[in-house]
Amino acid sequence: MRSIRSAGLALAAAALALPLTTGTATAEPSGDRHAGPERGAPHSNAAFDRLRSAAPEGFYVGTAVAGGGHHLSQPYPDPFTSDKEYRRILARQFSSVSPENQMKWDFIHPERDRYDFGAADAIVDFAERNRQVVRGHTLLWHSQNPEWLEQGDFSQEELRAILREHITTVVGRYAGRIQQWDVANEIFDDQGRLRTQDNIWIRELGPGVVADAFRWAHAADPGAKLFLNDYNVESVNAKSDAYHALVQDLLEQGVPVHGFSVQAHLSTRYGFPSDLESNLRRFDALGLETAVTELDVRMDVPEGGRPTAAQERTQADYYRRALSACLAVDGCDSFTIWGFTDKYSWVPVFFEGEGFANVMTGDFVRKPAFWALRDTLWAARRG
Ligand code: 9MR
């Protein structure tokens, strides 16, 4: 899918009489009082404070939809179904949504003969009501598999049938309603070796199962774009090299693989992966779509427990640069952040002493990172 980045801009700008400058201080939009006073960030004009409206035509700005996974052990109810303010912002700001956990095996296929589609159905319905596309996540992974599967004593033939049936059932259920599927998630380790031990499918069935997963997904929904997705592949490195080689191999075999995506779980402890754009370009050159699928930028929690202005500026810069890299590559039309509020982030649960990785505070106040995204989208839309 190629986007025409500046199409419709003149029209939109004229219709809305937009002041197409960045960082103009104007009144907070009416009906958007959730945000409260902004900290260290320019204010917004009512007409263009939404990421989804600021984005160029054909460019999708997404977020993970919080639920399942680490949320189950937190002292709050399910965010997606229980938090009205959260849902309002989810609908208002984003044109793409990714179930954070609700389509993973342990959630959607809890017993061998039982699927639980309730949460995934609710997200897909919500997305359609709000004119959003959905990224499906995920079909073949080494993590968050149910016990019945990981501990089961299945023959190769049975395992193959189980995977095929799962993919056919889940992808088939949402056929025509999912824009992109993360078919294979995290199949290489950081050295660029296939996960032949911890990935049950590759261990038991061999590397060829990856190609089969794509074939089965394509048969179940020929319109969905099928992706390889991973972390620590933002740069040109051993792991992204392994994907680059795999993609060529799959394409030569005629396997329906359509995209390569970088999760982009970044940390200000490390430098920004400045070769992100050139890395995306080399996959683009193979004819693949590319995407940023899980961006967040964590930081060390400082003494006092609140990020400093300097920390927030650095974080905003990482968000801006990740978005700019995607915008610069023609076939990168999907840019997703892994949640928008610090309230529900996975980061503090997994990284002790780190946090504040999202573009809004726990109270939904927009941080400099939010405005960096908004301004960068508008600048791209202006062309
Ligand atoms: O955000 C997800 C969290 O709620 C789960 O507990 C966790 C379990 O592995 O998975 C998180 O999402 C991951 C995503 O599915 C794949 N890439 C890494 C993400 C962060 O761990």
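The values are calculated or read from the model by the stated rules, or taken from the named source; none is laboratory data. On a predicted model such as this, the values are computed, not experimentally measured, just so you know. Don't worry about glycine lacking a Cβ; one is built from the backbone with ideal geometry, like all the others, and counts go over all protein chains shown. Just so you know, the surface numbers come from the protein's heavy atoms only, side chains and all, with ligands and any DNA or RNA stripped out. Shrake-Rupley method; radii C 1.70, N 1.55, O 1.52, S 1.80 Å.
Brief remarks on what is shown
- Within the range 152-171, tally of residues that are within 18 Å of H109 (Cα to Cα) and touching an Asp or Glu at 6+ places or on another chain (Cβ under 7 Å): 2
- Residues satisfying the stated conditions in the range 207-236, i.e. closer than 16 Å to L194 by Cα, within 16 Å of the ligand (Cβ to nearest atom) and either in a loop (DSSP other than H, G, I, E, B) or over 14 Å from the mean Cα position of the chain (by Cα) (or both): Y231, N232, V233
- Single residue of the range 119-147 satisfying the filter (open to solvent by 50 Å² or more (accessible area, probe 1.4 Å) and not in a loop (DSSP other than H, G, I, E, B)) that is farthest from D198 (Cα to Cα): R129
- Matching helices (runs of 4 or more DSSP H) fully within the range 1-118 where at least 1 residues are at pLDDT below 50: 9-16
- Pair list, Cβ < 8 Å and 6+ apart or interchain, from the range 153-164 residues that are more than 16 Å from L140 (Cα to Cα) to residues that are modelled with pLDDT of 95 or more and assigned to a helix (DSSP H, G or I): F154/I162; F154/E204
- Taken over the range 235-258, the criterion of being small (G, A, S) and either open to solvent by less than 10 Å² (accessible area, probe 1.4 Å) or touching a residue at least 40 places away in the same chain (Cβ under 8 Å) (or both) is satisfied by S235, A238, S240, A242.
- Within the range 338-357, the set of residues being touching a residue at least 40 places away in the same chain (Cβ under 8 Å) and either open to solvent by less than 40 Å² (accessible area, probe 1.4 Å) or in a strand (DSSP E or B) (or both) comprises W338, G339, F340, T341, Y344, S345, V347, E354, G355, A357.
- Qualifying residue in the range 291-300 (condition: open to solvent by 20 Å² or more (accessible area, probe 1.4 Å), within 16 Å of the ligand (Cβ to nearest atom) and either in contact with a helix residue (DSSP H, G or I) (Cβ under 8 Å, 6 or more places away or on another chain) or of a type outside the set (S, T, Y) (or both)): yes
- Test result for G331, away from the ligand (no atom under 16 Å from the Cβ) and of a type outside the set (A, V, I, L, M, F, W, C): yes
- Just one residue in the set D212, D198 is farther than 12 Å from A184 by Cα, open to solvent by 10 Å² or more (accessible area, probe 1.4 Å) and not small (G, A, S); that residue is D198.
- Within the set R160, R177, the sole residue that is surrounded by fewer than 22 Cβ atoms within 10 Å (Cβ to Cβ), under 30 Å from R88 (Cβ atoms) and either over 16 Å from the mean Cα position of the chain (by Cα) or hydrophobic (A, V, I, L, M, F, W, C) (or both) turns out to be R177.
- Restricting the range 243-268 to residues that are part of a loop (DSSP other than H, G, I, E, B) and in contact with a strand residue (DSSP E or B) (Cβ under 7 Å, 6 or more places away or on another chain), the residue that is nearest to the ligand (Cβ to nearest atom) is Q263.
- For the criterion of being more than 25 Å from H265 (Cα to Cα), among the small types (G, A, S) and open to solvent by less than 40 Å² (accessible area, probe 1.4 Å), G172 passes.
- When L327 is tested against the conditions (1) open to solvent by less than 10 Å² (accessible area, probe 1.4 Å); (2) assigned to a helix (DSSP H, G or I); (3) of a type in the set (A, V, I, L, M, F, W, C), the lone failure is (1).
- Taking the range 179-206 as the range and being closer than 22 Å to A224 by Cβ, part of a loop (DSSP other than H, G, I, E, B) and of a type in the set (D, E) as the test, only E186 passes.
- Of all the listed residues (S274, S278), the sole one being assigned to a loop (DSSP other than H, G, I, E, B) and open to solvent by 60 Å² or more (accessible area, probe 1.4 Å) is S274.
- Filter result (surrounded by 13 or more Cβ atoms within 10 Å (Cβ to Cβ), outside any loop (DSSP other than H, G, I, E, B) and away from the ligand (no atom under 16 Å from the Cβ)) within the range 148-157: W148
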